[in-house]
Amino acid sequence: MNRPGSGRLAETVSSAASMTLFLIFSVCCLIIIAVASSAYGRISGNYDSTFNSAAAVRYITNKIRASESAEVISESELLLTNSGYETLIYYDGGAVFERLFAGADSMKNEDSPNAGGERMFGAESLVIEETDGLIKVTAEDSGHSFTAYCRSCRGSNRRGTEK
Amino acid sequence: MKSPIKAVPAGGRLNLFFMEMIIVLMFFSIASAVILNAFAASGRLSRESERLERMSFCAQSAAEIFSESGSLSQTLEELFGSGSYEILNADLEGGGYAAEAKLPLTGDCEYSPQSPEIFMILIETAEKSDSGTLKILSVKFENTDNEELYRITSGAYIPAERRSDANE
């Protein structure tokens, strides 16, 4: 036999349990959305920074391979020479830029050659070094750094020194 | 004493909202398990992709340096700095030779003999003839289970005149 008022108590407890379940559901939803959004942001950011630095290095090394000669002007400036035109690749203000100059030696006649180029890739740093007939290109973006070596010009060969 | 908490209230009808919430939570937990799995797989694929990218950069750099220098030891020195890399040499029948080096690397392709995650295997073979020497470098990456991850082959040809010039 039920005591008087126990039915009402059971109803209250049942409602409270239902509301608690609903609360748990909402909290779980929020946690999952937060976790998923953070994971997506991390994966997307990782992909972007990897793409930026890897693509910059690949682009520059392919340009070097395609050019007739390459000259490292400074750590962040590279001049590629082809018949009839020159290409200056430089780093400025968090991005890699490229500027074309028509005609031979036209870049040297410019007052400010490393300005007004076309923005190619975003990067935190770009370092270009020349060692023993090889050009070393390193680009970094958001902690992702890629390095590639490339022969300094087409047909470059220093194997003749081998004994 | 009987508990006043009952799944079936005194009226005999099941609390529909309560049941609905239980079913919703069940579906939600299944869906969230699937979604979290998908995100974990996506994160793993992203890391794998970056690692493969690094391997390809490392292998291509090795190929470029080798095609310029024609020497395995010089290639290793340029790539990973001067260190004690063990290079196994063997003479081949017919005037050629072979050399092999196996380097323990981290996932970021840095030389790490203490905690290797991948191995970079470089095999150099040389065939000597009257007209010159053809050197072939095969760069291979393997994981710790000896499963091949990436491979590239490059060559360097040294004409006989140059070789004799250099010897002089």
Give, rounded to the nearest 20 debye, the magnitude of the charge dipole that region A:1-137 has about its Cα centre when Lys and Arg contribute +1 at Cβ and Asp and Glu contribute -1 at Cβ.
-> 1420 debye
Note: probe point = Cα of B:Y157 + 7 Å toward Cβ; backbone nitrogen < 18 Å; residues of region B:35-72 passing the test are B:64, B:66-71
Expressed as a whole number, the average count of other chain Cβ atoms within 10 Å around the Cβ atoms of A:144-151 is 6
Two-site label geometry, A:E129 and A:I43: point separation in nm, points 7 Å out along Cα→Cβ | 3.7 nm
Lysine pair count for the protein assembly as shown [Cα-Cα under 14 Å; pairs on different chains or 8 or more apart] = 4
Rounded if a/c under 1.5, otherwise prolate or oblate - region A:1-81, Cα gyration tensor axes | prolate
Around A:G122: net Lys/Arg minus Asp/Glu count, Cβ-Cβ under 13 Å = -4
With label points set 7 Å from each Cα along the Cα-to-Cβ direction at B:E110 and A:I31, the distance between them in nm comes to 3.6 nm
If you average the sequence gap of Cα pairs under 8 Å that are 6 or more apart and divide by the length of chain A, what percent do you get for the contact order?
-> 21 percent
In nm, to one decimal, how far is the B:L88 label point from the A:E68 one, both placed 7 Å along Cα→Cβ?
-> 4.8 nm
Part-to-part distance (alpha-carbon centres) for region A:58-134 and region B:132-160, which is given in Å = 31 Å
Within 10 Å of each Cβ of B:18-25, how many other protein chain Cβ atoms are there on average?
-> 4
Ranked packing of B:32-43, B:70-81, A:76-87, most packed first, by mean Cβ within 10 Å = B:70-81, A:76-87, B:32-43
Let me know the mean shielding of A:57-68 by other chains, meaning the per-residue number of their Cβ atoms within 10 Å of its Cβ.
-> 1
Taking every other residue with Cβ under 9 Å from the Cβ of B:C109 and scoring Lys and Arg +1, Asp and Glu -1, one gets 0
Given the peptides A:62-72, B:115-125, arrange them by the average over their residues of other C-beta atoms within 10 Å, most packed first.
-> B:115-125, A:62-72
With A:L78 itself left out, Lys, Arg at +1 and Asp, Glu at -1 over residues whose Cβ is under 9 Å from its Cβ give -1
FRET efficiency estimate (nearest 0.05) - Cβ-Cβ, B:L25 to A:A102, R0 56 angstrom = 0.20
Viscosity 1.567 mPa s, 4 °C: Kirkwood-radius Stokes-Einstein D of region A:50-123 over Cα pairs, µm²/s = 104 µm²/s
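FYI, it's all coordinate maths here, none of it is from the lab. Keep in mind the model is a prediction, meaning the values are calculated, not measured. Glycine gets a Cβ as well: all are built from the backbone with ideal geometry, and neighbour counts include every protein chain shown.
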